[in-house]
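The values are calculated or read from the model by the stated rules, or taken from the named source; none is laboratory data. It should be emphasised that the depicted structure is a prediction, and the values quoted were computed from it without experimental measurement. Positions of Cβ are backbone-derived with ideal geometry, glycine not excepted, and every protein chain shown enters the neighbour counts. Only protein heavy atoms, including side chains, enter the accessible area calculation; ligands, DNA and RNA are left aside. Shrake-Rupley method; radii C 1.70, N 1.55, O 1.52, S 1.80 Å.
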Amino acid sequence: MSNTIIKTENLTKTYKVGEIEVPALKDVNIEIKKGEFVAIMGASGSGKSTLMNLLGCLDLPTSGNYFLDGRNTSNMSKNEYADIRNQKIGFVFQGFNLLPRTTALENTELPLMYDRMNKNNDHRKKALEALERVGLADRVHHIPSQLSGGQQQRVAIARSLVNEPAIILADEPTGNLDSKTSVEVFNIFQNLNEEGITIIMVTHERDFASFAKRIIEMRDGKVIKDLVINNRLNAAEEMKRINVEYEIED
Amino acid sequence: MQAKIILKVAVKSIMKSRMRSLLTALGIIIGVAAVVVMVAVGDGAQLQVENQIASLGSNLIIITPGTSTTGGVRGGAGSFNRFTFDDVDKIKNECLLINGVSPLVRSGGQIIGGIGNWFTQVQGVSPDYLEIRAWDLQSGEFFSDRDVMARSKVCVLGSEVVKNLFPNDDPIGQQIRIRNVPFKVIGVLKEKGQTAVGTSNDDVILAPSKTVLDRLSGGRFISSIQVSAVSADKIPEAIVELKSIMRESHKLSPGEEDDFTIRDQADLSEAATETSRILTILLASVAGVSLIVGGIGIMNIMLVSVTERTREIGIRLSVGARASDILIQFLTEAIVLSLSGGAIGVLLSFFIAYLLNNYTSQSAFIKPEVIMIAFGFAGAIGVFFGFYPARKAAALNPIDALRYE
């Protein structure tokens with residue numbers, strides 16, 4: 001078996017708005033290997049979020065095939081889709097999507113609740129470990145409204161990590177965050193990527209895309225560019241630089 | 001997902017909006033309390049009727065004189081009275097299916113004694129009468145067969161008479177005069193309460209039958225004969241036996257009509273029980289309607305809740321919840337809501353029953369099976385009215401749910 005984790009064949013998605021058919025994705029063919037860090041870029045309406053939803057098994061393609069970890073997902077049932085979301089994929093959203101009035105710990109435990117494989121029975125311990133990995137060990141009993149945006153996104157990352165997924169899908173993960181906090185989030189992503197997790201993120205800021213290893217650019221539902229990043233940014237170094245700038249300002 | 005976790009999640013989300021949950025459950029609380037209290041009041045009324053009928057005496061059979069026809073004019077019940085003590089003795093000696101028999105000689109008049117005077121009825125009876133009428137003595141003793149034979153001037157007072165003539169003293173051993181005939185009080189009856197028609201059972205004086213007949217009422221005949229059968233199911237056989245004894249005693253030839261009537265309590269108690277049963281069903285159905293309205297309230301709130309928590313559903317779906325997980329979660333919430341409403345309703349009904357029993361004349365009697373039924377009904381309502389909103393939640397598409405604002 002190759003180390004390809006994601007492969008799409010002529011992946012097409014068409015939305016129906018009344019009588020009119022709106023194509024969102026046209027014959028997309030991509031291949032992503034294990035351990036990659038891919039940034040999907042494009043203007044709004046370019047189909048990048050649609051692609052993300054299909055890759056995340058949140059939505060079904062109109063036609064084409066999607067192979068995840070060697071398995072064709074086209075003929076799977078809704079329950080199998082749910083299990084893939086639970087076992088293989090971790091989501092990080094722009095709006096964090098945490099359960100309100102629920103502690104960071106309980107939010108992080110959520111995927112374990114639906115884990116039918118029961119890989120681990122000690123939900124609490126697992127969730128604490130995940131929160132520790134994103135540096136929130138001291139905030140586990142806070143509810144989202146008591147946390148800053150960056151902290152909330154880190155809880156969301158912990159939640160995406162907790163069931164040890166192969167892939168993390170991040171849809172504009174820093175869209176609601178300031179640049180300093182964004183770099184902190186990218187630092188976490190880069191660290192996780194170093195540990196072997198495949199990361200695919202959607203962003204429309206070219207600066208942030210440079211934290212990835214590869215950029216896929218889309219327009220009008222098609223892939224128009226697919227290139228490897230040569231001058232990759234290191235988030236840890238960026239953080240140091242930003243801190244120095246702040247000190248100078250002070 | 002384990003049942004424990006499902007339950008925990010349901011309780012948690014109910015507790016997150018306490019006020020709304022309470023108001024939602026209120027429909028079920030009131031519904032269950034209404035059903036339980038209504039049935040309890042019905043059962044209480046039925047119990048009261050049964051007690052009243054039992055207080056008439058256990059397995060009581062009453063033989064009353066028949067009617068007379070003189071020159072084509074028929075007299076009313078009791079117009080032809082030929083009952084004598086011989087009839088009573090014959091029944092006592094020959095009838096096998098009875099526990100006791102007593103004549104009843106009715107009299108009455110002004111009683112003087114104690115602190116003043118009082119008008120009441122005097123019943124001349126035999127010692128068996130106490131058992132036949134399921135009556136007990138409060139104090140003193142009852143007269144014996146010898147007192148009856150000797151026509152002793154002794155009597156036993158009902159509690160109402162004691163209240164009116166001897167409010168402060170012990171009446172036992174005291175002398176009273178019934179229509180100027182002096183009697184010695186030897187006992188006091190226990191209070192029995194009201195009769196089925198609302199008159200007092202306790203406004204009475206009991207005295208030996210022969211004394212009353214000779215000294216007070218005069219004449220030769222007794223008013224009626226009271227018999228108690230050995231058991232309730234032997235009453236029909238006892239009636240047949242009594243009938244042949246009475247016919248023989250009155251020397252009636254085969255073609256002749258009975259000159260007496262024999263009645264038992266069965267008709268009376270059946271009719272009364274049936275009436276209160278119908279009342280119970282009626283009350284319970286009215287209350288049942290309020291329970292269903294409560295269920296609709298739960299459905300309403302659950303539907304609102306599904307819409308309001310669309311995002312939450314989206315999040316759960318995105319981390320791997322199956323549609324069935326979402327269905328079970330919302331269904332569990334509805335059931336937990338309705339069952340806890342049911343539990344509070346049952347507690348409330350106990351409280352209302354307590355108030356009714358202690359502060360009103362109405363009695364409420366809560367049967368355990370009524371609680372089980374009301375509780376089960378509340379659970380069924382949770383399932384029934386919770387299913388539609390839960391299915392609606394489970395049918396959501398993950399993407400649409402996540403994007404919902």
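Placing a pseudo-label 7 Å from each Cα along the Cα-to-Cβ vector at residue A:176 and residue A:43 gives an inter-label distance of 2.7 nm.
Nearest 10 degrees is fine. How inclined is helix B:18-55 to the longest principal axis of chain B, computing both from alpha carbons? Long axis of B:18-55 versus the principal axis of chain B: about 10 degrees. Solvent-accessible area of chain A (1.4 angstrom probe, protein heavy atoms only): carbon and sulfur portion equals 46 percent. Cross-linked pairs A:78/B:12; B:210/B:243; A:126/B:12; A:16/B:12; A:88/A:213: Cα-Cα separations exceed 32 Å for A:16/B:12.
Mean per-residue shielding of peptide B:320-333 is 4, counting Cβ atoms of other chains within 10 Å of each Cβ.
If you take every residue apart from residue B:192 with its C-beta less than 10 Å away from the C-beta of residue B:192, what net charge results, scoring Lys and Arg +1 and Asp and Glu -1?
Numbers: positive: B:133, B:190; negative: B:136, B:160, B:191, B:202.
Here the charged neighbours net out to -2.
In percent, rounded to a whole number, the relative contact order of region B:81-258 is 33, using alpha-carbon pairs under 8 Å and six or more apart. Taking a straight line from the alpha carbon of residue A:34, these aspartates and glutamates sit under 15 Å away, with near neighbours fewer than eight places off in the same chain left out: A:69, A:164, A:194, A:195. Based on alpha-carbon centroids, what's the gap between region A:1-51 and region A:180-250 in Å, whole number please? After rounding, the separation between the Cα centres reads 20 Å.
Averaging 1/r across all pairs of distinct Cα atoms in region B:203-319 and inverting the result yields a Kirkwood radius of 22.0 Å.
Restricting to chain B, compute how many DSSP beta bridges are antiparallel as a %, nearest 5. If you can, show how the numbers build up before the last one.
Numbers: 39 of 48 bridges.
Restricted to chain B, the bridges split so that about 80 percent are antiparallel.
Taking only the Cα atoms of chain B, the radius of gyration and Dmax are 33.4, 104 Å. In plain terms, the chain from residue B:400 to residue B:84 could stretch by 104.1 nm, reckoned as 0.36 nm per residue minus the Cα-Cα distance.
With the other protein chains left in place, how much accessible area per residue, in square angstrom, belongs to region B:284-323 at a 1.4 angstrom probe? Intermediate results must be reported in sequence, preceding the final value.
Working: 1400 Å² over 40 residues.
Per-residue accessible area for region B:284-323 comes out at 35 Å².
Each label point was placed 7 Å from the Cα along the Cα-to-Cβ direction; for residue B:170 and residue B:354 their separation is 3.9 nm. A Förster distance of 25 Å, applied to the separation of the beta-carbon atoms of residue A:132 and residue B:11, puts the FRET efficiency at 0.30. Shape annotation for region A:155-225: C-alpha extents along the principal axes are 35, 27, 18 Å, from largest to smallest.
Give the accessible surface of region B:81-258 per residue, rounded to a whole number of Å², with probe radius 1.4 Å and ligands, DNA and RNA excluded. Numbers along the way, then the final one.
Values: 8490 Å² over 178 residues.
Dividing the accessible area of region B:81-258 by its residue count gives 48 Å².
Counting partner chain Cβ atoms within 10 Å of every residue's Cβ in A:58-68, what's the average? It would help to have the intermediate numbers written out before the result.
On the way: counts 9, 4, 2, 0, 0, 0, 0, 0, 0, 0, 0.
Counting Cβ atoms of other protein chains within 10 Å of each residue's Cβ and averaging gives 1.
What the Cβ-Cβ distance of residue B:145 and residue B:248 gives, at R0 = 30 Å and to the nearest 0.05, is a FRET efficiency of 0.80.
Nearest 5 is fine: what % of DSSP beta bridges in the protein assembly as shown come out antiparallel, could you say? Beta bridges within the protein assembly as shown, antiparallel portion: roughly 70 percent.
Before anything else, pin down the relative contact order of chain A: Cα pairs under 8 Å, at least 6 apart, normalised by residue count, whole percent. Working shown, then result.
Numbers: 479 pairs, mean separation 65.3, N = 250.
Once normalised by length, the contact order is 26 percent.
Summary of packing: across the peptides A:85-94, A:176-185, B:144-153, the per-residue average of other C-beta atoms within 10 Å ranks them, highest first, as A:85-94, A:176-185, B:144-153. Solvent-accessible area assigned to carbon and sulfur over region B:272-405 amounts to 73 percent, based on a 1.4 Å probe. Taking a straight Cα-Cα cut-off under 18 Å and skipping sequence neighbours fewer than 8 places away in the same chain, the lysines within cross-link reach of residue A:222 are A:7, A:13, A:26, A:48.
The A and B chains share an interface that buries close to 2300 Å² of accessible area, total over both sides, probe 1.4 Å.
Summarising the strand pairing of region B:81-258, around 75 percent of its internal DSSP beta bridges are antiparallel. In summary, the convex hull built on the alpha carbon positions of the protein assembly as shown has an orientation-averaged projected area of 51.1 nm². Considering region B:81-258, its Cα convex hull presents a mean projected area of 10.9 nm².
Protein heavy-atom accessible surface, 1.4 Å probe, per residue over region A:126-183: 36 Å². May I ask you to list the residues of region B:28-47 whose amide nitrogen lies under 15 Å from a point 7 Å from Cα along the Cα→beta-carbon direction of residue B:282? Those under the cut-off are B:38-39, B:41-43, B:45-46.
Placing a label point 7 Å from the Cα of residue A:229 along the Cα-to-Cβ direction, the residues of region A:25-59 whose backbone N falls under 12 Å from that point are A:37-41. Mean partner shielding of peptide B:310-318, defined as the number of other chain Cβ atoms within 10 Å of each residue Cβ, is 6.
Multiplying each eigenvalue of the alpha-carbon gyration tensor of chain A by 5 and taking the square root yields semi-axes of 29, 24, 17 Å, largest first, rounded to whole angstroms.
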